[in-house]
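Beneath this line is the structure, given in structure tokens, with notes to follow.
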Amino acid sequence: MFQKYNASESFNAKERGYTFKTATIDNMNREQFGVAIDFVRDIKRHLELGTWLYIFGDDARVPGASKEQGAILNAYGTGKTYLMQCMANAFSYRKIPAIYVTEERLFSDIKATYNRASEDSEDEVLQRYYSVPILMIDDIFTAQYKEWAEGKLFSIIDERQKNNKVTIMTSNYSLGRIRERLPMNGGKIGSRIDGKAIQIEMLGPDRRALNKNESA
């Protein structure tokens, strides 16, 4: 099963080097990395329970959080994708079956089945996303949604929730704002995530900008 579902299979060489051991961990992300490391360490139990993980940074929460912490915070470039890629590499190293996919790629995989030359049917692609032991969706809720896309995403979330399959997501939306993004199914999706997921909020410095300045 691992040969079929290798989370880091699509990573480039640089991304395969993202690990917990090499990560830059400081006071702004230490707690968040700790939760992710514990999640991987206890993955056998989480697979039994069907625990979810929701890694998010919402720009709407920045003003209040900045005032509370007395610091200038950011919701973008804080390392959400990096953290999930560290987890994906850890699952690959331990040969734990998982799929890592961006939301854009997920919808592209489904759309590709509408081509007559496709080797896979829509049902086969959906079943793959329904049944993989661990599904990791990066940048969820960023697509240009139409009704069919909302419906397909809801079906994946709903099937995985009903069957206790581990699901890990990164997002720019807090759970309460998913309804704003998806008027048709956002409330139902947010409720299912809330009922299953450990939440990791990542607000802090824009690490992309920091890395650019350090290398300049």
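The values are calculated or read from the model by the stated rules, or taken from the named source; none is laboratory data. Source: prediction; values computed, not measured. Cβ coordinates were reconstructed from backbone atoms using ideal geometry, including for glycine residues, and neighbour counts include every protein chain displayed. Remember, those area values only see protein heavy atoms, side chains included, never the ligands or the DNA or RNA. Shrake-Rupley method; radii C 1.70, N 1.55, O 1.52, S 1.80 Å.
Quick check: is even one residue across the stretch 81-97 small (G, A, S), outside any helix (DSSP H, G or I) and open to solvent by less than 20 Å² (accessible area, probe 1.4 Å)? No: the stretch 81-97 contains no residue that is small (G, A, S), outside any helix (DSSP H, G or I) and open to solvent by less than 20 Å² (accessible area, probe 1.4 Å). Please pick out the residue among V132, V166 that is among the β-branched types (V, I, T) and surrounded by fewer than 22 Cβ atoms within 10 Å (Cβ to Cβ). Just a single option satisfies the conditions, and that option is V132. Condition (residue is at pLDDT below 95, part of a loop (DSSP other than H, G, I, E, B) and not acidic (D, E)) applied to the stretch 171-181: is it met by at least one residue? Within the stretch 171-181, not a single residue is at pLDDT below 95, part of a loop (DSSP other than H, G, I, E, B) and not acidic (D, E).
Within the stretch 135-170, being over 24 Å from I96 (Cα atoms), assigned to a loop (DSSP other than H, G, I, E, B) and not basic (K, R) holds for F141, T142, A143, Q144, Y145. Residues of the stretch 1-33 that are surrounded by 16 or more Cβ atoms within 10 Å (Cβ to Cβ) and under 30 Å from V125 (Cα atoms): Y5, N6, A7, S8, F11, E15, Y18. Within the stretch 101-120, restricting attention to residues that are open to solvent by less than 50 Å² (accessible area, probe 1.4 Å) and not in a helix (DSSP H, G or I), the residue that is farthest from G50 (Cα to Cα) is S118.
Right, A36: open to solvent by less than 50 Å² (accessible area, probe 1.4 Å), in a helix (DSSP H, G or I) and in contact with a strand residue (DSSP E or B) (Cβ under 8 Å, 6 or more places away or on another chain) or not? The answer is yes for A36. Residue under question is G70, and the condition is that it be on the phi > 0 side of the Ramachandran plot and free of Cβ contacts under 8 Å to residues at least 24 places away in the same chain; does it hold? Answer is yes for this residue.
Can we say T22 is on the phi < 0 side of the Ramachandran plot and without any contact (Cβ under 8 Å) to a residue 60 or more places away in the chain? So T22 fits the description; yes. Against the numbered list (1) open to solvent by 50 Å² or more (accessible area, probe 1.4 Å); (2) more than 21 Å from Q161 (Cβ to Cβ); (3) assigned to a helix (DSSP H, G or I), G64 comes up short only at (1).
If only residues of the stretch 184-200 that are touching an Asp or Glu at 6+ places or on another chain (Cβ under 8 Å) and not in a helix (DSSP H, G or I) are counted, the one that is least open to solvent (accessible area, probe 1.4 Å) is N185.
For the stretch 131-147, the criterion of a residue being touching a residue at least 40 places away in the same chain (Cβ under 8 Å) and at positive phi is satisfied by at least one position.
Here I157 meets each of (1) touching a residue at least 24 places away in the same chain (Cβ under 8 Å); (2) open to solvent by 10 Å² or more (accessible area, probe 1.4 Å) with one exception, condition (2).
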